[in-house]
Amino acid sequence: MKSTKNKAKPFLKWVGGKTQLLDQLESRLPQKVRKTGVIERYIEPFVGGGALFFYLKSKYKIKKAYLIDTNEDLILTYKVIKKEPKSLIKVLKGIETRYLKKNESERAKYYYRIRDRYNRQKDKINYRKLDKLWMKQAAYLLFLNKTCFNGLFRQNRQGKFNVPHGRYKNPKICNEDNLIKVNIALKDTQVIYGDFSKCRKYAKPKTLIYFDPPYRPINITSNFTSYTRNGFCDKEQIRLAKLSKELSEKEVYVLLSNSDPTNGSNQDNFFHKIYNNFQIKRVFANRMVNCNGDKRGRIKELLIANY
Ligand SMILES: C[S@@+](CC[C@H](N)C(=O)[O-])C[C@H]1O[C@@H](n2cnc3c(N)ncnc32)[C@H](O)[C@@H]1O
């Protein structure tokens, strides 16, 4: 197995990031992968900050990977790091220097100015074609991620980033060394904007797919299941379960994580119902337990696999 030294780490702090569950996820990898240390084809359709992808990349040989997400600016940032890391580092370093020179109130003003530009620029960007605006947008996203309150990257329903300024003494905004490692980790990796169902196109027998969808809220009531803050309602969870079954028939290895409904109600066996025939294991994680992200607790989560 490859050494974990000097390898890329996630370049963003992302809501629902899986850093805490890495050991448990690793122990649920297919036997063959653990034995040989090789993953022929890896797909992560809700990639976010990509905690598992970067971890696996540092320990296993992944021959070909596909990373998918519906967040346009997130995918744009992955693509910029993949194609133009040096120009991105230059823009981001400029922002970092300007920000760190300022006093606290000036930093806040600067933050809100960049946040405003980031939100306004969205309407001007051609997301299909890499140009100068991409570079700026990626740099703004990284800057906002490192300096916003709690590092919570949250958008409102209009898709606007609305998190207030956080107070960090000396935030590391441009981690040049890691960005270069991420660029190397993204070699042989295709980054794709779109819905999770796009993975169908890339999945072959023995492909490993890791699904980490937005979590089903705990304490859900039956008349609340059609709406969630993150837009991923029970209908979407069911659509994903159906796709997982379809992929099982194609002999794809499917691994999935989600919240455990029994955190809220002992009777709630939603995932056991929609993933019948799958292996379901309970694990523990420390997570935000309310929507403001200011209260943490130890809660149960589920690892679901078809092998
Ligand atoms: C729980 S987060 C994933 C966190 C990730 N595993 C990490 O380590 O940072 C869920 C991600 O799914 C994305 N998403 C939401 N709906 C989606 C959909 N229909 N298809 C693909 N991605 C989606 C969100 O943009 C978000 O980045």
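Where a number appears in this text, it was derived from the coordinates with a stated rule and is not lab data. All values reported here derive from a predicted model rather than from experimental measurement. Positions of Cβ are generated from backbone atoms using ideal geometry, with glycine treated the same way; all protein chains shown enter the neighbour counts.
Some points to look at:
- At q = 0.08, 0.09, 0.10, 0.12 Å⁻¹ the log10 of I(q)/I(0) for the chain amounts to -0.37, -0.47, -0.58, -0.84, computed by Debye summation with a single uniform scatterer per C-alpha, solvent ignored.
- Spacing of the two label points (7 Å from each Cα toward its C-beta) at residue 112 and residue 32, in nm: 5.7
- Nearby lysines by direct alpha-carbon distance to residue 300 (threshold 28 angstrom, same-chain neighbours under 8 apart not counted): 9, 13, 18, 32, 57, 59, 235, 242, 245, 273, 281
- The lysines within cross-link reach of residue 132, meaning a Cα-to-Cα straight distance under 18 Å and a gap of 8 or more places when in the same chain, are 79, 82, 83, 86, 90, 93, 122, 124.
- Applying 1/(1 + (r/R0)^6) with r as the Cβ-Cβ distance of residue 249 and residue 172 and R0 = 51 angstrom yields a FRET efficiency of 0.65.
- Rounded to 10°, Cα long-axis angle of helix 85-100 versus longest principal axis of the chain: 60
- For the stretch 14-127, the Cβ-based charge dipole about the Cα centre amounts to some 440 debye (Lys, Arg positive; Asp, Glu negative; other atoms uncharged).
- With each label modelled as a point 7 angstrom along the Cα→C-beta vector, the residue 132-residue 300 pair spans 5.6 nm.
- Potential lengthening between residue 267 and residue 204 on full extension [0.36 nm per residue; Cα-Cα distance subtracted]: 19.0 nm
- Dipole magnitude (debye, nearest 20) for the stretch 74-179, charges at Cβ of Lys, Arg, Asp, Glu: 260
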